[in-house]
């Protein structure tokens with residue numbers, strides 16, 4: 001460097017670890033980065049006061065409360081959907097929604113009910129598990145052309161992602177949920 005030349009001041013940008021998107025994707029230079037793979041919101045109706053709530057499903061273990069009545073939104077159990085609640089719940093969910101289409105008089109449906117309850121508890125915070133009584137919610141079930149019950153359908157992004165008819169044990173329900181949670185496979189045959 002020439003002795004007569006003035007040196008310009010050095011400008012160094014210093015970044016804390018919290019500004020690195022790989023280390024902390026929520027904060028990047030003061031801006032918020034939305035990670036679509038971590039989308040966990042769902043619109044659910046409170047089973048106590050019937051008001052709609054936008055719920056962060058990933059916080060299911062914190063027992064989120066209804067914004068109107070302050071009672072807990074029980075995400076560790078199957079949600080009971082009907083003609084009014086089915087479309088909105090499935091369409092406005094950012095997490096997979098597994099729906100068990102059943103009837104009260106159906107023997108195989110009754111046999112499968114404990115497995116559906118177990119699945120809801122195991123996938124609380126990752127997915128929504130719901131039940132629809134096909135006798136009471138005929139408008140909600142008609143578009144899916146259900147010919148036999150129980151029928152289990154996984155919805156992802158508001159669209160049918162997987163379907164299986166017949167009673168299944170917990171292991172098969174969990175396998176179905178895991179298989180279709182991130183893939184584009186349309187149907188699964190169990191033998």
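When the stretch 138-160 is limited to residues that are out of contact with any helix residue (DSSP H, G or I) (no Cβ under 7 Å at 6 or more places or on another chain), assigned to a helix (DSSP H, G or I) and touching a residue at least 40 places away in the same chain (Cβ under 8 Å), the one that is surrounded by the most Cβ atoms within 10 Å (Cβ to Cβ) turns out to be 141.
Residue-by-condition table, conditions (1) in contact with a helix residue (DSSP H, G or I) (Cβ under 8 Å, 6 or more places away or on another chain); (2) crowded, with 23+ Cβ neighbours inside 10 Å; (3) at pLDDT below 95; (4) under 16 Å from residue 151 (Cα atoms):
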{"residue": "74", "(1), (2), (3), (4)": "no, no, yes, no"}
{"residue": "81", "(1), (2), (3), (4)": "yes, yes, no, yes"}
{"residue": "100", "(1), (2), (3), (4)": "yes, yes, no, yes"}
{"residue": "103", "(1), (2), (3), (4)": "yes, no, no, yes"}
{"residue": "110", "(1), (2), (3), (4)": "no, no, no, yes"}
{"residue": "115", "(1), (2), (3), (4)": "yes, no, no, yes"}
{"residue": "118", "(1), (2), (3), (4)": "yes, no, no, no"}
{"residue": "124", "(1), (2), (3), (4)": "yes, no, yes, no"}
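In the stretch 52-71, of all residues being surrounded by fewer than 18 Cβ atoms within 10 Å (Cβ to Cβ) and more than 22 Å from residue 96 (Cβ to Cβ), the one that is nearest to the chain's Cα centre (by Cα) corresponds to 65.
The number of residues in the stretch 78-137 being part of a loop (DSSP other than H, G, I, E, B) and within 13 Å of the chain's Cα centre (by Cα) comes to 11. Test residue 176 against the criterion of being farther than 23 Å from residue 41 by Cα, in contact (Cβ under 8 Å) with a residue 40 or more places away in the chain, surrounded by 16 or more Cβ atoms within 10 Å (Cβ to Cβ) and touching a strand residue (DSSP E or B) at 6+ places or on another chain (Cβ under 9 Å), and give yes or no. Against the criterion (farther than 23 Å from residue 41 by Cα, in contact (Cβ under 8 Å) with a residue 40 or more places away in the chain, surrounded by 16 or more Cβ atoms within 10 Å (Cβ to Cβ) and touching a strand residue (DSSP E or B) at 6+ places or on another chain (Cβ under 9 Å)), residue 176 does not qualify.
Pairs meeting the criteria (first residue in the stretch 55-68 and at positive phi and outside any strand (DSSP E or B), second residue surrounded by 14 or more Cβ atoms within 10 Å (Cβ to Cβ) and at pLDDT 90 or above, beta carbons under 7 Å, at least 6 apart or on different chains) are 63/72.
The values are calculated or read from the model by the stated rules, or taken from the named source; none is laboratory data. Every value quoted in this text rests on a predicted model; they were computed, and no experiment measured them. Cβ coordinates were reconstructed from backbone atoms using ideal geometry, including for glycine residues, and neighbour counts include every protein chain displayed.
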